[in-house]
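Asks: Below is a structure I'd like to ask you about.
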Amino acid sequence: MKHFLRHLSHYMVLFGILLAGFAGLVLFSYDKAFQVAVALALVLSYASWGVTHHYLDGDLRFETVVEYLVVGVLGFVIIFSLIIRT
C-alpha cells in the first residue's frame, strides 16, 4: 500500500491517459480513421508513461521498455480489429 500511495500521482496520470483514449474512441465513433489515430496516440502515451514512470523510479531496463511496447502493440491490434470490424 505504501508503494501505491508513493506513486499515486503517476497512476492518476495513467488513468487520465486511458480515460482520454477511451473518450476519444467513443466520441469519434463516426470516424474510423480518427479512431485509429486515437488508438495509436493512446499506445504511444501508455508506453511513454511506462518508460517515464520506471525511469523516475530508478528501475528502467531494456526489458521493461520492450514489455510496454509489446503490451501497447497488442492493445493497438485489439482496438484496431474492433474498429475495422464495425
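Nothing in this text is a laboratory measurement; each read-out follows from the coordinates by a stated rule. In this text, all values refer to a predicted model and were calculated from it rather than measured experimentally. Counting neighbours? That spans all protein chains shown, and the Cβs are built from the backbone with ideal geometry, glycine included.
Asks: Scan the stretch 53-86 residue by residue and report those that are closer than 16 Å to Tyr11 by Cα and either in a loop (DSSP other than H, G, I, E, B) or free of Cβ contacts under 8 Å to residues at least 40 places away in the same chain (or both).
Replies: Once the filter is applied, which keeps residues that are closer than 16 Å to Tyr11 by Cα and either in a loop (DSSP other than H, G, I, E, B) or free of Cβ contacts under 8 Å to residues at least 40 places away in the same chain (or both), the stretch 53-86 yields His54, Tyr55, Tyr68.
Asks: Moving on to the next point. Which numbered condition in (1) farther than 25 Å from His3 by Cβ; (2) loosely packed, with under 12 Cβ neighbours inside 10 Å is the only one that Leu19 fails?
Replies: (1)
Asks: Mind listing whichever residues of the stretch 1-52 are in a helix (DSSP H, G or I) and among the hydroxyl-bearing types (Ser, Thr, Tyr)?
Replies: Listed by number, the residues that qualify are Ser9, Tyr11, Ser45, Tyr46, Ser48, Thr52.
Asks: While we're looking at this one, here's another question. Can you work out which of the residues in the stretch 15-32 that are of a type in the set (Phe, Trp, Tyr) and more than 16 Å from the chain's Cα centre (by Cα) is farthest from Leu44 (Cα to Cα)?
Replies: Checking each candidate, the answer is Tyr30.
Asks: Checking the structure you have, find out if any residue of the stretch 37-50 is in contact (Cβ under 8 Å) with a residue 24 or more places away in the chain, in contact with a helix residue (DSSP H, G or I) (Cβ under 9 Å, 6 or more places away or on another chain) and among the polar types (S, T, N, Q).
Replies: Scanning the stretch 37-50 turns up at least one residue that is in contact (Cβ under 8 Å) with a residue 24 or more places away in the chain, in contact with a helix residue (DSSP H, G or I) (Cβ under 9 Å, 6 or more places away or on another chain) and among the polar types (S, T, N, Q).
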